[in-house]
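Below is one structure, written out as structure tokens; comments come after it.
The values are calculated or read from the model by the stated rules, or taken from the named source; none is laboratory data. None of the values given here were measured: they were computed from a predicted structure. All Cβ positions, glycine included, derive from the backbone under ideal geometry; neighbour counts span all protein chains shown.
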Amino acid sequence: MNEISSAIDLRQITKRVHSKNGAEIEILQPIDLQVQQGEFLALVGPSGCGKSTLLNICAGLTPFTSGELTVSPNPRTGLKAKLGYMFQTDSLLPWRTILKNVQCGLDFDGVEKNLAESQARQMIQQLGLSGFENHYPSELSGGMRQRASLARTWVTNPDILLMDEPFGALDSQTKQLIQELFLTFWEEHRKTVVLVTHDIDEALLMADRVIVMSARPGCFKSSYQIDFPRPRIVEDVRSRPEFVDYRRHIWNDLKQEALQTMGKTSS
């Protein structure tokens, strides 16, 4: 049986910073992580544990102190892997229309203007935003802006998608709808995804594997392989008894680390 190759490979990655008074602060203990091609991985952990820092290291946005990071080429083309990044906020450019926002990644990639516009319009339609192409972000609801942000990221066809709490600011109803929409896209394209989230339910609903991080300095406390069949329907997954079991185990792991972060000890 052939082993699936890693899309992202971290070996003994550490991160330390210096405070204003010169003291050294350890953000990440040595971390080993292999994210397989086409895997959907979720990272959960208490606030300040280094989840976003680790994601930014994977993206090349934050330098690491020691260790080795390898992002494998696209296995089909052999070319350098293209990364997409979704932030906690929609990060749309307020002076550009929705069409121009969705199109901007294609423009940056040098896609011919008419083709870029055509692809952007098609993606806008698929995400249910037809009729809002010429609107500005301030004229849209939070859920619509986040769909536009997803369209902007997805239209560039990234090999690896890094997501930092992309649905965290949405109300619960809108959040579930966009989660289902995102899962539909992911099931079709099976891109490699690393999702940072505080939401255990979201991690279980979407991911193949959930890793729980410890309190700072962050390291991996536990890992869970999530074996729910795909394609997944959110309500069907929530009704499974295994969902409740996974949630209880992950919460117990996470609660201990959250209490430590808050300077408390569990009884």
Among (1) β-branched (V, I, T); (2) farther than 27 Å from V17 by Cβ; (3) at pLDDT 95 or above - the single one V111 does not satisfy: (3)
Looking at segment 171-192 only, could you name the residues that are within 24 Å of R248 (Cα to Cα) and of a type outside the set (G, A, S)? D171, Q173, K175, Q176, Q179, E180, L183
Restricting attention to segment 227-248, report how many residues are part of a helix (DSSP H, G or I) and more than 22 Å from the chain's Cα centre (by Cα). 6
How many residues does segment 104-123 contain that are touching a residue at least 40 places away in the same chain (Cβ under 8 Å) and either out of contact with any Lys or Arg (no Cβ under 8 Å at 6 or more places or on another chain) or more than 16 Å from N134 (Cβ to Cβ) (or both)? 3
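Of everything in segment 224-241 that's at pLDDT 95 or above and not aromatic (F, W, Y), which residue is surrounded by the most Cβ atoms within 10 Å (Cβ to Cβ)?
I226
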Neighbours by Cβ (under 9 Å, 6+ apart or cross-chain): first from segment 225-242, within 20 Å of L43 (Cα to Cα); second basic (K, R) and surrounded by 10 or more Cβ atoms within 10 Å (Cβ to Cβ): Q225/R209; I226/R209; F228/R240
Against the condition assigned by TED's automatic domain parsing to the domain that holds T184, touching a residue at least 60 places away in the same chain (Cβ under 8 Å) and assigned to a loop (DSSP other than H, G, I, E, B), how does S52 come out, does it pass? no
What single numbered condition from (1) within 30 Å of Q256 (Cα to Cα); (2) over 21 Å from the mean Cα position of the chain (by Cα) fails to hold for T89? (2)
Lone unmet requirement of (1) among the basic types (K, R); (2) modelled with pLDDT of 90 or more; (3) within 23 Å of L129 (Cβ to Cβ) for K221: (3)
For segment 55-71, the count of residues that are surrounded by fewer than 19 Cβ atoms within 10 Å (Cβ to Cβ), touching a strand residue (DSSP E or B) at 6+ places or on another chain (Cβ under 6 Å) and either over 30 Å from G263 (Cβ atoms) or small (G, A, S) (or both) equals 6
Got a number for residues in segment 242-267 being loosely packed, with under 11 Cβ neighbours inside 10 Å and touching a helix residue (DSSP H, G or I) at 6+ places or on another chain (Cβ under 6 Å)? 1
Single condition S52 does not satisfy, out of (1) within 25 Å of D199 (Cα to Cα); (2) at pLDDT 95 or above; (3) surrounded by 14 or more Cβ atoms within 10 Å (Cβ to Cβ): (2)
Flagged in segment 158-179 as in contact (Cβ under 8 Å) with a residue 40 or more places away in the chain and surrounded by fewer than 17 Cβ atoms within 10 Å (Cβ to Cβ), in numbering order, are G168, A169
